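Asker: First the structure, then my questions, so here it is.
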Amino acid sequence: MRRSKHAQLNPFFKDILPQWQDDIPELSSLLEEEKFVKGEHLVNDWGDLYLIAEGLFGKYEKTCPVRYAVAGESLMIPNQKHNYRFVALSDCLTFRTSFRQLEEINAHNPKVFYLYAQLKDQQLRYLDYRHKLLSLHNQDKYDFVFDHYPDLLAHITQKELAQFMGISMELLRRMMRDRAY
(Lines give C-alpha, C1' and ligand atoms only; values in the text may rest on other atoms or scores of the structure.)
Protein backbone atom coordinates (compact mmCIF):
# COMPACT_ATOMS: atom_id res chain seq x y z
CA MET A 1 0.00 0.00 0.00
CA ARG A 2 1.30 3.40 -0.95
CA ARG A 3 1.97 5.91 1.82
CA SER A 4 0.27 9.31 1.82
CA LYS A 5 2.12 12.38 0.61
CA HIS A 6 2.37 13.72 4.18
CA ALA A 7 3.86 10.41 5.35
CA GLN A 8 6.43 10.53 2.55
CA LEU A 9 7.37 14.16 3.29
CA ASN A 10 7.48 13.84 7.07
CA PRO A 11 10.99 12.31 7.25
CA PHE A 12 12.44 15.37 5.51
CA PHE A 13 10.92 17.92 7.88
CA LYS A 14 10.11 16.26 11.23
CA ASP A 15 13.54 16.86 12.81
CA ILE A 16 13.76 20.42 11.50
CA LEU A 17 10.22 21.60 12.21
CA PRO A 18 8.18 18.86 13.95
CA GLN A 19 4.85 20.60 13.36
CA TRP A 20 5.62 21.47 9.75
CA GLN A 21 2.15 20.47 8.53
CA ASP A 22 0.53 22.93 10.94
CA ASP A 23 3.20 25.63 10.71
CA ILE A 24 3.47 25.64 6.90
CA PRO A 25 0.29 23.99 5.62
CA GLU A 26 0.82 25.17 2.04
CA LEU A 27 4.19 23.42 1.78
CA SER A 28 2.75 20.02 0.94
CA SER A 29 0.75 21.40 -1.98
CA LEU A 30 3.87 23.08 -3.44
CA LEU A 31 5.87 19.88 -3.53
CA GLU A 32 4.98 18.07 -6.74
CA GLU A 33 5.66 14.38 -7.10
CA GLU A 34 8.05 13.51 -9.93
CA LYS A 35 9.20 10.08 -10.98
CA PHE A 36 12.45 9.35 -12.79
CA VAL A 37 13.62 6.22 -14.53
CA LYS A 38 17.19 5.04 -14.32
CA GLY A 39 19.41 7.20 -16.53
CA GLU A 40 17.04 10.17 -16.64
CA HIS A 41 18.37 13.64 -15.79
CA LEU A 42 16.81 16.08 -13.35
CA VAL A 43 15.50 19.29 -14.81
CA ASN A 44 18.36 21.59 -13.97
CA ASP A 45 16.41 24.75 -13.09
CA TRP A 46 18.35 27.03 -10.77
CA GLY A 47 17.14 26.93 -7.17
CA ASP A 48 14.92 23.86 -7.50
CA LEU A 49 14.64 21.65 -4.45
CA TYR A 50 14.18 17.90 -4.83
CA LEU A 51 13.35 15.67 -1.89
CA ILE A 52 14.27 12.09 -2.71
CA ALA A 53 11.61 9.71 -1.40
CA GLU A 54 12.89 6.61 -3.23
CA GLY A 55 15.96 5.77 -5.26
CA LEU A 56 19.48 7.05 -5.83
CA PHE A 57 20.80 10.07 -7.74
CA GLY A 58 24.30 10.95 -8.82
CA LYS A 59 25.63 14.48 -9.06
CA TYR A 60 28.40 14.91 -11.61
CA GLU A 61 30.68 17.77 -12.52
CA LYS A 62 31.07 17.03 -16.21
CA THR A 63 31.80 13.29 -15.91
CA CYS A 64 33.27 13.23 -12.39
CA PRO A 65 30.97 12.00 -9.60
CA VAL A 66 30.87 14.51 -6.73
CA ARG A 67 27.90 13.28 -4.72
CA TYR A 68 25.34 10.53 -4.41
CA ALA A 69 21.96 11.21 -2.87
CA VAL A 70 19.74 8.47 -1.46
CA ALA A 71 16.17 8.31 -0.25
CA GLY A 72 15.66 10.69 2.64
CA GLU A 73 18.11 13.28 1.31
CA SER A 74 17.53 16.45 -0.62
CA LEU A 75 19.13 17.86 -3.73
CA MET A 76 19.29 21.62 -4.22
CA ILE A 77 20.12 22.86 -7.67
CA PRO A 78 22.59 25.77 -7.32
CA ASN A 79 21.23 29.28 -7.86
CA GLN A 80 24.04 30.20 -10.23
CA LYS A 81 25.68 28.91 -13.38
CA HIS A 82 27.27 25.50 -12.81
CA ASN A 83 28.50 22.43 -14.67
CA TYR A 84 26.59 19.85 -12.65
CA ARG A 85 24.44 17.06 -14.02
CA PHE A 86 22.03 15.18 -11.82
CA VAL A 87 21.22 11.65 -12.99
CA ALA A 88 18.85 9.01 -11.63
CA LEU A 89 20.98 5.93 -10.93
CA SER A 90 17.86 3.89 -10.22
CA ASP A 91 14.15 4.44 -10.64
CA CYS A 92 13.34 7.33 -8.29
CA LEU A 93 10.46 9.16 -6.68
CA THR A 94 11.01 12.79 -5.70
CA PHE A 95 9.06 15.81 -4.56
CA ARG A 96 10.05 19.04 -6.26
CA THR A 97 9.48 22.73 -5.71
CA SER A 98 11.22 25.88 -6.86
CA PHE A 99 13.05 28.51 -4.86
CA ARG A 100 10.61 31.06 -6.24
CA GLN A 101 7.62 29.15 -4.84
CA LEU A 102 9.28 28.95 -1.43
CA GLU A 103 9.94 32.70 -1.55
CA GLU A 104 6.25 33.33 -2.25
CA ILE A 105 5.19 31.35 0.81
CA ASN A 106 7.90 32.98 2.89
CA ALA A 107 6.39 36.40 2.14
CA HIS A 108 3.49 35.56 4.45
CA ASN A 109 4.99 32.73 6.53
CA PRO A 110 8.58 33.33 7.72
CA LYS A 111 8.89 29.75 9.01
CA VAL A 112 9.66 28.76 5.42
CA PHE A 113 12.98 30.62 5.62
CA TYR A 114 13.95 28.66 8.73
CA LEU A 115 13.02 25.37 7.05
CA TYR A 116 14.94 26.27 3.88
CA ALA A 117 18.00 27.36 5.89
CA GLN A 118 18.02 24.03 7.71
CA LEU A 119 17.71 22.10 4.42
CA LYS A 120 20.59 24.18 3.03
CA ASP A 121 22.69 23.27 6.09
CA GLN A 122 21.94 19.60 5.45
CA GLN A 123 22.99 20.09 1.83
CA LEU A 124 26.33 21.48 2.99
CA ARG A 125 26.84 18.43 5.22
CA TYR A 126 26.21 16.18 2.23
CA LEU A 127 28.77 18.14 0.23
CA ASP A 128 31.26 17.98 3.11
CA TYR A 129 30.96 14.18 2.98
CA ARG A 130 33.05 13.94 -0.19
CA HIS A 131 35.63 16.41 1.11
CA LYS A 132 36.03 14.22 4.16
CA LEU A 133 36.18 11.11 1.97
CA LEU A 134 39.00 12.56 -0.12
CA SER A 135 40.94 13.58 3.01
CA LEU A 136 40.90 10.06 4.49
CA HIS A 137 43.76 7.59 4.15
CA ASN A 138 43.09 5.35 1.16
CA GLN A 139 42.60 2.27 3.35
CA ASP A 140 39.72 3.98 5.22
CA LYS A 141 37.81 5.19 2.16
CA TYR A 142 36.09 1.92 1.24
CA ASP A 143 34.36 1.47 4.61
CA PHE A 144 33.52 5.17 4.75
CA VAL A 145 31.67 4.97 1.42
CA PHE A 146 29.89 1.68 2.03
CA ASP A 147 28.77 2.61 5.55
CA HIS A 148 26.72 5.38 3.94
CA TYR A 149 25.94 3.80 0.55
CA PRO A 150 25.81 0.02 1.09
CA ASP A 151 24.23 -0.73 -2.31
CA LEU A 152 26.14 1.79 -4.39
CA LEU A 153 27.99 -0.77 -6.53
CA ALA A 154 24.68 -2.10 -7.79
CA HIS A 155 24.15 1.26 -9.53
CA ILE A 156 27.58 2.46 -10.68
CA THR A 157 30.71 0.98 -12.24
CA GLN A 158 33.86 0.19 -10.30
CA LYS A 159 35.63 2.81 -12.40
CA GLU A 160 33.17 5.48 -11.24
CA LEU A 161 33.52 4.34 -7.63
CA ALA A 162 37.31 4.61 -7.83
CA GLN A 163 36.96 8.10 -9.30
CA PHE A 164 34.52 9.13 -6.55
CA MET A 165 36.89 7.79 -3.87
CA GLY A 166 39.93 9.41 -5.48
CA ILE A 167 41.84 6.12 -5.78
CA SER A 168 43.14 3.93 -8.59
CA MET A 169 41.18 1.01 -10.02
CA GLU A 170 43.92 -1.37 -8.85
CA LEU A 171 43.63 -0.16 -5.25
CA LEU A 172 39.84 -0.47 -5.40
CA ARG A 173 40.12 -4.04 -6.73
CA ARG A 174 42.56 -4.90 -3.97
CA MET A 175 40.22 -3.42 -1.32
CA MET A 176 37.29 -5.38 -2.73
CA ARG A 177 39.34 -8.60 -2.87
CA ASP A 178 40.51 -8.11 0.75
CA ARG A 179 36.92 -7.66 1.94
CA ALA A 180 35.64 -10.70 0.05
CA TYR A 181 37.62 -12.95 2.42
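Asker: Which one of the conditions (1) surrounded by 15 or more Cβ atoms within 10 Å (Cβ to Cβ); (2) modelled with pLDDT of 90 or more does V37 fail to meet, given that it meets all the rest?
Answerer: (1)
Asker: Here's a follow-up. Return the total of residues in region 68-96 being touching a Gly at 6+ places or on another chain (Cβ under 7 Å), open to solvent by 10 Å² or more (accessible area, probe 1.4 Å) and closer than 20 Å to F164 by Cα.
Answerer: 4
Asker: Of (1) open to solvent by less than 40 Å² (accessible area, probe 1.4 Å); (2) aromatic (F, W, Y); (3) more than 19 Å from E160 (Cβ to Cβ), F99 satisfies all except one. Which?
Answerer: (1)
Asker: Can you pull out the residues in region 1-49 that are closer than 20 Å to N79 by Cβ, touching a residue at least 60 places away in the same chain (Cβ under 8 Å) and in a loop (DSSP other than H, G, I, E, B)?
Answerer: Listed by number, the list holds a single entry, L31.
Asker: On to the next question. Can you name every residue in region 1-25 that is polar (S, T, N, Q), within 24 Å of F86 (Cβ to Cβ) and more than 17 Å from the chain's Cα centre (by Cα)?
Answerer: Across region 1-25, there are no qualifying residues.
Asker: Same structure, new question: Specify which of the listed residues (S28, S74) is at pLDDT below 95 and more than 14 Å from the chain's Cα centre (by Cα).
Answerer: S28
Asker: Take I52 and tell me if it is in a helix (DSSP H, G or I), buried (at least 17 other Cβ atoms within 10 Å of the Cβ), of a type outside the set (S, T, N, Q) and in contact (Cβ under 8 Å) with a residue 12 or more places away in the chain.
Answerer: For I52, the condition - in a helix (DSSP H, G or I), buried (at least 17 other Cβ atoms within 10 Å of the Cβ), of a type outside the set (S, T, N, Q) and in contact (Cβ under 8 Å) with a residue 12 or more places away in the chain - is not met.
Asker: When you scan region 85-96, do you find a residue that is in contact with a helix residue (DSSP H, G or I) (Cβ under 8 Å, 6 or more places away or on another chain) and under 22 Å from D128 (Cβ atoms), even just one?
Answerer: no
Asker: Can you tell me which residue is surrounded by the most Cβ atoms within 10 Å (Cβ to Cβ) among those in region 149-171 that are over 14 Å from L89 (Cα atoms) and touching a residue at least 60 places away in the same chain (Cβ under 8 Å)?
Answerer: F164
Asker: Can you name the residue in region 117-129 that is free of Cβ contacts under 8 Å to residues at least 40 places away in the same chain and either closer than 23 Å to D22 by Cβ or in contact with a Gly (Cβ under 6 Å, 6 or more places away or on another chain) (or both) and, of all such residues, is least open to solvent (accessible area, probe 1.4 Å)?
Answerer: The selected residue is A117.
The values are calculated or read from the model by the stated rules, or taken from the named source; none is laboratory data. Note that this is a predicted model, so its numbers are computed, not measured. All Cβ positions, glycine included, derive from the backbone under ideal geometry; neighbour counts span all protein chains shown. The accessibility values were calculated without ligands, DNA or RNA, using every heavy atom of the protein model including side chains. Shrake-Rupley method; radii C 1.70, N 1.55, O 1.52, S 1.80 Å.
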